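I have placed the structure first, in the form of structure tokens, so that the comments after it can refer back to it.
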Amino acid sequence: MPKLLDFFSHPLYLRLSPDRLTIRNVKTGAFISEVPEIAVLRGEKKSQVLGVGAEASLHRATPFAEVLNPFAHPRTMVGDFTASEQVVKAFIRKLTGSNWLAMAPRVVFHPLGDPAGGFTQVEIRAFREMALGAGASDVKMWQGPELTDEQVHFTRLPSTGRLLD
């Protein structure tokens, strides 16, 4: 049964692999799909984000800039939580704009892959915290087949997958 909030919020479907981050607004069909990289200028006091996604690779030759993919660690999909959260936040902002009056989106977060032993509780919590830190009002963690816009919008998830806790 759809909730009243479902009609006003912007449900986003976020699919993540070390090679690609795809976010789709299931209400409008707008999406962004790029390599989940971030370019950071390391400073004495604070780091400055220079770009994310395709824009990050433009800074490979920038002095004192570091371009990294925080999801490309050999043992876990979350090698650097702070950088990961910044990437997710920037991608959501690229897709939705920076309208401060907009309602916080609901996110279905779909980490791709099937790691040996499954995703750890630490990874699942990190993914959820990334989306919440990026401004999501609610986050569902999904493992299974790709979802349709209707399944995401009304949170009608198929029995061929499972919600991650």
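Observations on the model:
- Principal-axis analysis of the Cα atoms of the chain puts helix 81-96 at an angle of about 60° to the longest axis.
- Counting DSSP beta bridges with both ends in the chain, the antiparallel % (nearest 5): 65
- Taking VAL122, VAL108 and counting other C-beta atoms within 10 Å, the order from fewest to most: VAL122, VAL108
- Computed from Cα positions, the angle between helix 121-133 and the longest principal axis of the chain comes to roughly 90 degrees.
- Semi-axes of the equivalent ellipsoid for the stretch 9-155, computed as √(5λ) from the eigenvalues of its C-alpha gyration tensor and ordered from largest down, come to 25, 19, 13 Å.
- Under a model in which nothing but the beta-carbon of Lys, Arg (+1) and Asp, Glu (-1) is charged, the chain shows a dipole of about 280 debye around its Cα centre.
- Over the stretch 22-108, all Cα pairs binned in 10 Å intervals from 0 give whole-percent P(r) values of 16, 44, 31, 9, 0, listed from short to long.
- Among the trypsin sites (Lys or Arg not before Pro) in the stretch 7-96, those located in a DSSP loop and surrounded by at most 11 other Cβ atoms within 10 Å of their own Cβ are ARG42, LYS45, LYS46, ARG60, ARG75.
Every number here is computed from the coordinates shown, using simple stated rules; none is lab data. Quantities reported herein were computed from a predicted structural model and do not represent experimental measurements. As a convention, Cβ positions derive from the backbone with ideal geometry for all residues, glycine included, and neighbour counts pool all protein chains shown.
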